[in-house]
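Below is one structure, written out as structure tokens; the observations come after it.
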There are 2 protein chains.
Amino acid sequence: MHTVEELQDIVNQIILEQKFEGNPPLLYEPISYTLSQGGKRIRPLLTLLACEMFDGNMEKAIYPAIGMEIFHNFTLLHDDIMDKAPIRRGKDTVYKKWNTNIAILSGDTMFALAYEYILKTDVKFIPDILHVLSRTAIEVCEGQQFDMNFETDENICISDYLEMIRLKTAVLLGGCLKIGAIIGGADSKNADNIYNFGVNIGLAFQLKDDLLDVYSAVEKFGKITGGDILTNKKTYLYLKAFELAKGERLQQLINFYKLSDKESERKISGVKTIYNELSIDKLTINQMQEYYDKALDCLQKIPIDAAQKQNLLDFAQQLMGRES
Amino acid sequence: MHTVEELQDIVNQIILEQKFEGNPPLLYEPISYTLSQGGKRIRPLLTLLACEMFDGNMEKAIYPAIGMEIFHNFTLLHDDIMDKAPIRRGKDTVYKKWNTNIAILSGDTMFALAYEYILKTDVKFIPDILHVLSRTAIEVCEGQQFDMNFETDENICISDYLEMIRLKTAVLLGGCLKIGAIIGGADSKNADNIYNFGVNIGLAFQLKDDLLDVYSAVEKFGKITGGDILTNKKTYLYLKAFELAKGERLQQLINFYKLSDKESERKISGVKTIYNELSIDKLTINQMQEYYDKALDCLQKIPIDAAQKQNLLDFAQQLMGRES
């Protein structure tokens, strides 16, 4: 069994070794560009951790793990077009650096490449892990469409939001773990348990992201604190505040959110003041904790030695405790 | 063994039975819209024909066949965004009817759905047919990128063009046949032979398309004759004409191609006159015939009874003989 750091090094090393080259170069350069930028590599790591948790041979999971990272980066490429995001990981997004057509097509190629990588394992695992990727991919698309709908839909409630982030973010973490578990030899019940662990961790993870966007002490690389407030993004914090604010406070919240970019500091501090009055941070942390506890319950159900689970547990705790 | 017409009916029937429904509706409506529009259903038909040619059980190939049709329609959805095509099969394209973001995301969902359909067959076939789809998908993307590059690249020669259409169009026909052959029980040598048959038929098919765009007697549904000339598209006919035209004739050809949309009739008839003087139609037909003969050679190499091959042969002849 490897340590989390060893697995992280292996993932980074293997990605570095891959040559995403070919003709025409205009199709492949954005792929190299995207995959060489780093990022936390959370998804392939989850695949490897799950595989080793079930005492599987990590080497059989390494290419499928890379496949999941390629898939994840494909979704970012297309999301950035749809969200008109100019910057990711501190660099120009692909559609900005090249153009929309190239971002569409390089993304499509990455999706197909993800499947090619997933296939690089023992034949006996292929049908099951392929099902996981295809189902996950469809749900991630559903989540992204819900997210886009939310931009103009004024009647979003918290349960809509939680379902959206389940689809857009959480099922992929679950899927990565499930694929690792299958290759590790887990039976279908345990594969489902680790999937559900991942989905709940994913929900908690996204709530942490929402929280850090407003309350991070650390300046995030390529992101400004309060960015979600400035863009009136309907996050958990936003929806909770609108659920709880009444009377004059509600009117103030509405007015702060109406402020233009020219008054960005006033907008952020105004909204944050109301968030603080309503204890939105604590309520978000409570909801996070609830998902985290559910995740632990799912892990608990898997009848293997606690020591085998420790790496995955440490990694999950690390994701929850992060400050950026 | 079924007749071509019976297989066509089966394909249309099964596609009609599929419910491409789900939430959010904005993601799924464009998928139903696209797949209910008909089209020739050439690709799923090839899968079924290949399966039966090798005496396979057609029912095991039907969902993978539909998967290939879904994949093909996904590429059309994204191509229409990139090519800014407002009309397909006489109807608004998805990005026109909805918007670009929805066309990107519905397309992505169709790509994932294609994989889900491909998986609906015996487990033993899955690894091999999955490899075929992923490789084909990557090559189709390469072909589309070459096609986009050609719009602005002035130094395209005929061999560049043939490589582009091999990737963009022909490998998919080969891939559909290969998947059918694998499910039909063909060994890898025969699966490759039928793949090469399909690639050569695909090349001939695209040249026929180029030819019909200029010389079709029949008004194509949703397309005008001469459309490629009007848009200065670098087809086989265009490149052959520029290869052969010299001196004053070359200057005339350049001048005709410079005419604006306001003089569309003069442009089309001017270019056609030069095409006729240079026998471009006959030269295109000769090149088509060359690929068709190569295709027949590949089919010839497959050591099974000629009667078993007849349906596929009839269908290929039908594709070559079509007038629209």
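Here the mean projected area of the convex hull built on the C-alpha positions of segment A:185-324 is 9.9 nm².
Cβ-Cβ distance of B:E6 and B:Q317, R₀ of 25 Å, FRET efficiency by 1/(1 + (r/R0)^6): the value works out to about 0.90. Per residue of chain B, the DSSP helices (runs of n ≥ 4 H) give a summed -39500 (n - 2.57) that works out to -23500 deg cm²/dmol at 222 nm. Each other copy places its own label point for A:Q37 at 3.2 nm from this one, sorted shortest first, where the point lies 7 Å along the Cα-to-beta carbon line.
Take each residue of peptide A:129-136, count the partner chain Cβ atoms within 10 Å of its Cβ, and average: the result is 3. Reported to the nearest whole Å, the Cα centre-to-centre distance from segment B:95-169 to segment B:280-315 is 25. Under the combined filter of DSSP loop state and at most 16 neighbouring Cβ atoms within 10 Å, segment B:116-201 retains these trypsin sites (Lys or Arg not before Pro): B:K120.
Look at the stretch B:36-46: the mean tally of other chain Cβ atoms within 10 Å of its residues' Cβ atoms is 0.
Loop-located trypsin sites (Lys or Arg not before Pro) in segment A:232-289 (DSSP state other than H, G, I, E, B) with a sparse environment of at most 11 neighbouring Cβ atoms within 10 Å: A:K246. Measuring against 25 Å, Cα to Cα, the residue pairs A:K19/B:K189; A:K189/A:K234; B:K40/B:K168; A:K97/B:K240; A:K124/B:K189 contain A:K19/B:K189; A:K189/A:K234; A:K97/B:K240 as the ones spanning a longer distance. Computed over the alpha-carbon pairs of chain B, the distance histogram in 10 Å steps reads 6, 25, 33, 24, 10, 2, 0 percent, short to long.
The calculated FRET efficiency for B:I158 paired with A:D160, based on their beta-carbon distance and R0 = 51 Å, is about 0.40. Full extension of the segment from A:K97 to A:S32, taken as 0.36 nm per residue of separation minus the current Cα-Cα distance, would add 22.1 nm.
Sorted from nearest, the other copies put their B:L296 label points 7.5 nm away, the label point being 7 Å from Cα in the direction of Cβ. Summing charges over all other residues whose Cβ lies under 11 Å from the Cβ of A:F256, with Lys and Arg as +1 and Asp and Glu as -1, gives +4. Sorted from closest to farthest, the other copies place their A:D314 label points 6.8 nm away, with each point set 7 Å from Cα along Cα→Cβ. When the scattering of the protein assembly as shown is computed by the Debye formula from its Cα atoms alone, each counted once and equally, what is log10 I(q)/I(0) at q = 0.05, 0.06, 0.08 Å⁻¹? Here the Debye-derived log intensity ratios amount to -0.27, -0.38, -0.66. Per residue, the Cα convex hull of segment A:225-295 amounts to 83 Å³.
Loop-only GluC sites (Glu not before Pro) in segment A:154-260, please: DSSP not H, G, I, E or B, and at most 16 other Cβ atoms within 10 Å. Answer by residue number: A:E154, A:E219.
Averaged over peptide A:23-29, the number of partner chain Cβ atoms lying within 10 Å of each residue's Cβ comes to 5.
Read-outs throughout are calculated quantities, based only on the coordinates presented, and are distinct from any laboratory measurement. The structure presented is a predicted model; accordingly, all values stated were derived computationally and were not measured. Positions of Cβ are backbone-derived with ideal geometry, glycine not excepted, and every protein chain shown enters the neighbour counts.
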